[in-house]
Amino acid sequence: GVDDAVATLRFSDPDTRRVLEGLLTEKQPGLVVIDTQRAIMGIDEKDAGEVRDAYTYLRNLANEHSTTFGVAHHVRKIGDVSNSARERVSGSRDILAAADVHLALRSRDSSPVHGLHLGKTRFPVDDIAAGTEWPLEAKLLPALTPSGPLRSVFIAAPHANSDEVRDKLEDAKAQI
């Protein structure tokens with residue numbers, strides 16, 4: 001099934017690429033989330049060449065299948081580097097260079113998550129440009145099983161002009 005195929009996804013494997021491309025053709029998703037880069041992409045995150053190859057592959061798939069890829073990636077611990085979202089990306093700098101949009105969950109001392117920070121965008125729109133941050137509220141949900149860990153849910157308020165912003169983003173993408 002889909003779960004089995006995706007659970008063993010490694011971009012370096014031609015069979016895996018065929019499965020992924022088949023799923024994109026069959027399902028025609030608007031959004032594909034890769035969670036996490038390390039677990040699924042099967043690349044050395046510190047190797048700039050491997051990072052570029054993987055993201056070039058994703059960009060080509062996105063264009064070919066009219067979809068968007070969201071790639072979840074871990075950041076370095078606060079203290080290893082500054083608290084800047086750009087500085088905290090773990091691995092090669094090519095990860096950030098390859099992204100069209102970089103969103104980072106931001107934390108503060110006692111709060112695990114307090115905001116969603118737009119660190120980079122190739123599609124700036126009016127007041128939504130790099131540096132924009134939206135407040136988030138973190139809620140802990142009960143474990144799915146008695147012995148399981150608590151699950152986090154993050155809730156962000158929608159942008160006041162969300163329909164207008166969506167139209168402008170589509171216009172910006174069309175001009176590229």
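The values are calculated or read from the model by the stated rules, or taken from the named source; none is laboratory data. Here the structure is a predicted model, which is why all the values come from computation and not from measurement. Backbone-built Cβ (ideal geometry, glycine too); neighbour counts: all protein chains shown.
From the set of residues in the range 94-143 that are hydrophobic (A, V, I, L, M, F, W, C) and loosely packed, with under 13 Cβ neighbours inside 10 Å, which is modelled with the lowest pLDDT? Steps first, answer last, please.
In the first step, residues of the range 94-143 are kept if they are hydrophobic (A, V, I, L, M, F, W, C); the result is 95-99, 101, 103-105, 113, 116, 118, 123, 125, 128-130, 134, 136, 138, 140-141, 143.
Still in the list and also loosely packed, with under 13 Cβ neighbours inside 10 Å: 129, 140-141, 143.
On the way: ALA129: 84, LEU140: 65, LEU141: 69, ALA143: 69.
Residue satisfying both the conditions and the ranking: LEU140.
Per-residue answers, yes or no, for (1) surrounded by 14 or more Cβ atoms within 10 Å (Cβ to Cβ); (2) modelled with pLDDT under 85; (3) over 24 Å from ARG18 (Cβ atoms):
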{"position": "GLY49", "(1), (2), (3)": "no, no, no"}
{"position": "ASP53", "(1), (2), (3)": "yes, no, no"}
{"position": "HIS65", "(1), (2), (3)": "yes, no, no"}
{"position": "PHE69", "(1), (2), (3)": "yes, no, no"}
{"position": "VAL75", "(1), (2), (3)": "yes, yes, yes"}
{"position": "GLY79", "(1), (2), (3)": "no, yes, yes"}
{"position": "VAL89", "(1), (2), (3)": "yes, yes, yes"}
{"position": "SER92", "(1), (2), (3)": "yes, yes, yes"}
Q: Report, ordered by the first and then the second residue, all pairs with beta carbons closer than 7 Å, sequence separation of six or more or different chains, a first member in the range 2-31 that is on the phi < 0 side of the Ramachandran plot and among the polar types (S, T, N, Q), and a second member that is at pLDDT 55 or above and part of a loop (DSSP other than H, G, I, E, B).
A: SER12/GLY42; THR16/LEU9; THR16/ARG10
